[in-house]
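Quick notes on the structure that follows.
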Amino acid sequence: MKKLALAALLSAATTLPTMAADYVIDTKGAHAAINFKVSHLGYSYVTGRFNKFSGNFSYDANKVADSKIMLKIDTSSVDSNHAERDKHIRNDDFLDVSKFATAEFVSTKVEDLGNDKLKITGTLTLQGMDKEIVIDAVKVGEGKDPWGGYRAGFEGSTQIAMKDFGYKMDFGNIMFDLHIEGVRQ
């Protein structure tokens with residue numbers, strides 16, 4: 001009788017709906033990065049990153065379509081490894097950080113493409129403008145960490161046209177590489 005009751009309990013537990021887990025992006029441990037690359041006069045590329053950002057995501061491998069992500073970027077933290085260039089990027093030719101101190105991405109749809117590949121559609125707010133973008137992403141992995149927590153990591157790429165965000169100077173597309181590791185809450 002005990003075996004039958006245990007079997008029924010286990011069967012019921014496996015049919016319960018799974019819930020997406022909530023994660024905070026691990027920027028404190030430097031386990032996340034937002035990098036960019038943009039053409040420099042058509043001769044080479046300027047690369048850089050944003051040093052300050054935060055965000056969170058919700059993810060369930062069994063129900064990927066219910067996933068969500070939100071990123072908030074401190075635009076003044078732009079870092080191209082050249083102080084004078086960074087000063088120019090922060091002025092009103094580009095990021096205009098005095099008016100637009102943050103950029104934000106909020107997902108509106110996450111599609112499971114199979115083999116841990118995802119298509120993340122969402123709204124990027126930059127320069128006070130909202131534009132839909134798509135991030136091609138891959139789940140890198142998930143599991144327990146050495147400190148008793150649980151983590152999930154993803155990488156993705158996208159690009160935006162500078163003209164779509166009203167930049168005074170237009171060098172074409174800005175390509176972004178995202179590396180996101182989150183700690184389950």
Margin query: Here is a list: S54, S77, S58, S11. Which entry is at pLDDT 95 or above and farther than 30 Å from L113 by Cβ?
Written below: S77
Next item on the list: Confirm whether L113 is over 17 Å from A21 (Cα atoms), open to solvent by 70 Å² or more (accessible area, probe 1.4 Å) and either among the aliphatic types (A, V, I, L, M) or in a strand (DSSP E or B) (or both).
Entry: yes
Next item on the list: Give the number of residues within the range 94-133 that are among the β-branched types (V, I, T) and out of contact with any Gly (no Cβ under 8 Å at 6 or more places or on another chain).
Entry: 6
Notebook entry, point to check: Here are some conditions: (1) closer than 20 Å to F53 by Cα; (2) open to solvent by 70 Å² or more (accessible area, probe 1.4 Å); (3) touching a residue at least 24 places away in the same chain (Cβ under 8 Å). I135 meets all but one. Which one does it not meet?
Noted result: (2)
Next item on the list: Select from the range 80-110 the residues that are among the acidic types (D, E) and touching a residue at least 60 places away in the same chain (Cβ under 8 Å) and write down the one among them that is least open to solvent (accessible area, probe 1.4 Å).
Entry: D93
Item checked: Residues of the range 116-127 satisfying the condition of being modelled with pLDDT of 95 or more and either open to solvent by 50 Å² or more (accessible area, probe 1.4 Å) or polar (S, T, N, Q) (or both) -> D116, K117, K119, T121, T123, T125
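Just checking, does the range 46-58 include any residue being outside any strand (DSSP E or B) and not polar (S, T, N, Q)?
The answer is yes, given that some residue of the range 46-58 is outside any strand (DSSP E or B) and not polar (S, T, N, Q).
The values are calculated or read from the model by the stated rules, or taken from the named source; none is laboratory data. Everything numeric here is computed off the predicted structure, so don't read it as measured data. Please note: Cβ atoms are built from the backbone with ideal geometry, for glycine as well, and neighbour counts cover all protein chains shown. Please note that ligands, DNA and RNA were not included when accessible areas were found on the heavy atoms of the full protein model with its side chains. Shrake-Rupley method; radii C 1.70, N 1.55, O 1.52, S 1.80 Å.
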